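The values are calculated or read from the model by the stated rules, or taken from the named source; none is laboratory data. The structure displayed is predicted, hence computed values, not measured ones. Heads up, the Cβs are rebuilt from the backbone with ideal geometry, glycines too, and the neighbour counts pull from every protein chain shown. Ligands, DNA and RNA are stripped out before the accessible areas are found, and what is left, the full protein with its side chains, is counted by its heavy atoms. Shrake-Rupley method; radii C 1.70, N 1.55, O 1.52, S 1.80 Å.
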Amino acid sequence: MEQLKNIGRELAIGSQGSSKEFLELVKAIGEAKSKAEEERLVMEEIEMLKKKIVEPDVPRKRMKEYIVRLVYVEMLGHDASFGYIQAVKMTHDDNLLLKRTGYLAVTLFLNEDHDLIILIINTIQKDLRSDNYLVCCAALTAVCKLINEETIPAVLPQVVELLGHQKEAVRKKAVMALHRFHQRSPATVADVISKLSMKIMHDVDPSVMSACLCVLFDLISADANSYRHLTNSYVCILKQVVEHRLPKQYNYHNAPAPFIQIKLLKILALLGTGDKGASNNMYNVLGDVLKKAEPSGNIGNALIYECISTITAIHPNSKLLESAAAQTSRFLKSESHNLKYMGIDALGRIIKINPDFAEEHQLAVIDCLEDPDDTLKRKTLELLYKMTKSSNVEVIVDRMICYMKTLTDSHYKTDIASRCIELAERFAPSNQWFIQTMNQVFEHAGDLVPPKVAHDLMRLIAEGAGEEDEDADSELRSSAVESYLQILVEPKLPSLLLQVICWVLGEYGTADGTHSAAYIIERLCDVAEAHPGDDVVKVKGYAISAITKVCSFEIAAGKKVHLIPECQAFIDELSASHSTDLQQRAYELQALFAFDSSVVGAVLPFDGSADDIEVDQSLPFLNHYVKSMLSKGAKPYIPANERQAATTLASQHVESYVSSHSLRFDPYEKPQMPIMALTPVTTLQSDDQSIDISQKATQVFQPSFDADTPSSEATRLRLEGVQRKWGRPSYNNNSASSSAGAERSTNGASNGLDIEKASGGKQGIVPQEPKYVSDRNKQPEISAEKQKLAASLFGGVTSKADSSVRSSGRSQKQASTNRHVGTAKRMQTVDPVDSRAQASLPAATAPPDLLDFGEEEVAIAASSKDPMKDLEGLFDNTGSVPSSQPTAPVTNLPNIDLMSLYDSDLGLGSGLVSSIRVPDMIPENLPNNDSGDRLTVLDGLVTTSGAVAGPKVQGETSASSAIKKGPSLESSLEKHARSRQVGVTPTGPHPDLFKDLLK
Amino acid sequence: MIRFILLQNRQGKTRLAKYYIPLEDSEKHKLEYEVHRLVVNRDPKFTNFVEFRTHKVIYRRYAGLFFSMCVDITDNELVYLESIHLFVEILDHFFSNVCELDLVFNFHKVYLILDEFILAGELQETSKKAIIERMAELERQE
């Protein structure tokens, strides 16, 4: 029976005008058992076509088929350029069908800058003026693909004329053509579009209006201000769409014209951004869209998601935000991966406005992070990247690096490596951690990291925390040396990392006396040997320079250097190297042995890299010479820039001076929870009195330098990397830092109160803490590991757990606060017990406390230790919980069976005889019955594996209706049936929906 | 904006490829190969979205055919997922119970339908009825 049906189908296809040969070819290719066989068939076809199309007097109908065959050959991945000219010729034909085929072929074959386009322009111009609207449509479709910037003027007048065509299909395509022109070259069509956008916008046909929205979206994203006055029109249109006032045919799965709604929502988001008045007008209609969208289908969720995007983009409205948050929760809790993905994205948008919202969903987020689905994981990492602050940077960067290790795709790897570096630079809690992190990044993505990062890292190691604390510096260096000696064991290190390693070992390898010079030299010799490759010359260069330094430090220290045989061999090898650079380095090293310690010490002083080389740009030693030349009549030298415009230069000078020394208005990085073991007071006291004491503290305990410290010129040379801690705010820093600032100053004495900070946001959408507790009660199976992770990521849940630690820390902090700042500060100090209430004060009321620098370092110690421990205590009552990792994906049994059957059919043997009907075309991502409840409902074409049997369109709907939920395949099939009965009779004219806008 | 649309079967044979951005032929073949590799082995439970270079691919599987759309990173994924479905509904309507064979033998018609549905990388017509009517009118010309 099935076979009969297929034969019938084949016959039907055969009668549609294609020749038998072509059908045979398609069939043969479909049945080809190997790539080679397919290749052979296609090559034969190409040879045949090459001969046939150049024959004289090919019947036109025949030629049309040849061109279709050319398209087929091209689609299979072969070159059919020999026939392009025939396709171009066919566009000249008078017969509409042939013309259309010609246009279809050229749009598929040619790009907009192909040489042959010039031969089509004339035809297009003629066709755009045609009386037959189908010809106009065909030409407009070609225009959208083939016209480039240079040829726009040739067709623009005709296209504009067609905007007033009586057929809506032509108007619509003309609008799309204009849209394309605008994308290609906005300047060419700017005048036309601005004049016409209002007119076409109010077209009575919804399709034309919808096409127009594409153009308007582009215009508004370029310049929202000029279109703000249109906000009400869009709101009004959206309202009518939502109220089902468009013709039924635009409905999709019962949603009224959802594709138009989404375009409108996108436009509203642009118009409402930063405009309170415009936003006010939208609130009602946004609420309507949210309310009316059916959460049971994909399209409803698409609408809801778009609403969330709009709500979070425009001036905030607490009620709408609340519903947006509720919908986001629903997404995140859904079983469907698609919805979770949308939920994560929506969450990223909401936390921009209310950072505390993330906390409620921390477990959902962590589930997504550990999901085997790569797309979801990546999206979640993106969310975490947006949420990163100093309290959770270690966990997040660690996660990112773990993920980076699994990647093979260099594009993503570069991306994620640069994010790691950015976060590490911005939030690094300590230099030690920073170096470790950087090493990991280099190790796993070394070739993808910009060299500047390596230089910054070396500079950091060289300059450490600054002159104030040499001990810390040398400790840092020793730990760097240790870590690099460990890394060297690994095979295949990227050359950038080797550069850093060699440099550090050369400079500081022997500095602390743990390792002998011989040992370091041996390791350095190994480096050069162990890493042959393209960069071998560079790597050898790094190694020999490092050896030179180690040797010279030894000599300078008065010790005798015994070169181990390997090293001697290495030097000898380099002395005879093809690279002159390596040769020179080797000879320089040998030359050093001839000098005594004082000379060597002067040539290569220890830790010379950190010394600033002072260059007196006025070159005073030439003064004498200059004077003598001037006296001999030479012209005085005027610098080039002064020669050009002395006056403007002067003013610029002043400006640049001002900008580098003026106050900075961007917010400082969020202060962290400070605790315990404070600064060694001695350093503070022993130092220069002229510097403010708090600033001093920064220099001691901060790995960074504030460029504005009045200390010295040398700040210029300091590590940018860490300096960025004070730089521009992070993604969500605005709110985070301000609320943190508020916390800091309102309850200056409170300590380690991440939780208060988190739960006491401006207008916490949901009461977090009770919610969280109830969540926990509901799902006791959540693993302790995840809880820990959640705690360290979100920092929130831990708070209540350890009040004793907190209060003890608090008293110390109180002391330190008092020391650091004056009485004004102490006035603000509040009773620790009140801190929660204090924290929930509106964030904006108090400015960040700029003076209170000192606690930075300590805070980190606390944050890295606190959350885990606290949490453990907190969850004792839940008992030992089994770690519930995401379960392995459940296989989809019936569908897969069908698939394989189908494949074997198609691939081999009977091949094309198998046919698959659309009811059978079940989206493979449907869950099986047991796993998904909501998922089933949500996935657009809803059916279950029961439908695999392939219900016919009519009749069998009732059979499977038992297992359907929501708008389903069945209902769409019913619709099909209905519309089939109705036939394709055109409906009457559309209601003048948008007439009211014209007044 | 839609960058390209691909219809591929499980073996990676291209059944339809439409590009809305200018690309070299070699680049097109590479894309087709990569997209197929990305989508073909994904667990059906996973998301229907895959990041692809600087864009994302929204795909949906119908029996042995993968419909993939490459869109901008800022686009609403679910909308494109549904537009794929709408396209399939239109094909189903046009071919009365479409099967892969219809698409294989009538690929030029599928291109014509697609041209009515999507133009210049944007959905131009979302009314199934309007598209079916337009196609019926063209059929009458033959």
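Assorted remarks:
- Exercise: per-residue mean of other protein chain Cβ atoms within 10 Å, B:126-139: 6
- Equivalent-ellipsoid semi-axes for chain B (Cα gyration tensor, √(5λ), whole Å, largest first): 24, 16, 15.
- Protection proxy ranking for A:58-70, A:628-640, A:32-44, A:333-345, using the average of other Cβ atoms within 10 Å per residue and placing the highest first: A:333-345, A:58-70, A:32-44, A:628-640.
- Averaged over the residues of peptide B:105-113, the number of Cβ atoms from other protein chains lying within 10 Å of each residue's Cβ is 6.
- Tilt relative to chain B, helix B:77-95 - C-alpha long axis, 0 to 90 degrees, to 10: 40
- Here the range A:450-603 yields Rg over Rh of 0.96, to two decimals, using C-alpha coordinates and the Kirkwood radius.
- Inter-site label distance for residue A:244 and residue A:537 at 7 Å from Cα along Cβ, in nm: 7.7
- Helix B:25-40 axis, angle to chain B major axis (alpha carbon atoms, nearest 10°): 80
- Cα-based shape type of the range A:444-508, given that a ≥ b ≥ c are square roots of the gyration tensor eigenvalues and the cut on a/c is 1.5: oblate
- J(HN,Hα) series, the range B:133-141, from Karplus relation 6.51 cos²θ - 1.76 cosθ + 1.60, nearest Hz, glycine and proline x: 4, 4, 5, 4, 5, 5, 4, 4, 5
- 10 Å Cβ neighbours from other chains, averaged over peptide B:89-98: 5
- Remark: the range A:414-421, residue by residue, has Karplus-estimated 3J(HN,Hα) of 4, 4, 6, 5, 5, 5, 4, 4 Hz, where x stands for each Gly or Pro and the curve is 6.51 cos²θ - 1.76 cosθ + 1.60 at θ = phi - 60°.
- Computed Rg/Rh of the range A:34-124, alpha carbon atoms with Kirkwood Rh: 0.98
- For the peptides A:393-405, A:203-215, B:13-25, A:377-389, the ranking by mean Cβ contacts within 10 Å, running from highest to lowest, is A:203-215, A:377-389, A:393-405, B:13-25.
- Of A:195/A:266; A:292/A:377; A:126/B:28; A:386/A:788; A:292/A:786, pairs whose Cα-Cα distance is over 25 Å: A:292/A:377; A:126/B:28; A:292/A:786
- R0 of 30 Å, Cβ-Cβ distance residue A:370-residue A:474: FRET efficiency to nearest 0.05: 0.15
- Pairwise burial B:A, computed as accessible area of each alone minus the pair, summed, 1.4 Å, Å²: 8900
- At the listed q of 0.30 Å⁻¹, the Debye profile of the range A:334-381, built from one uniform point per Cα, gives log10 I(q)/I(0) equal to -1.20.
- Förster-model FRET efficiency, 41 Å R0, residue A:580 and residue A:512, C-beta, rounded to 0.05: 0.70
- Amide H to amide H distances under 5 Å link residue B:118 with B:124, where only residues 5 or more positions off or on other chains count and H is placed in the peptide plane.
- At least 50 Å² accessible surface lost relative to isolated chain, residues of the range B:36-53 (1.4 Å probe): B:44, B:45, B:46, B:47, B:49, B:51
- In the range A:356-375, the residues whose accessible area drops by at least 10 square angstrom when the other protein chains are added to the isolated chain are A:372, A:373, A:375; the probe is 1.4 Å and only protein heavy atoms count.
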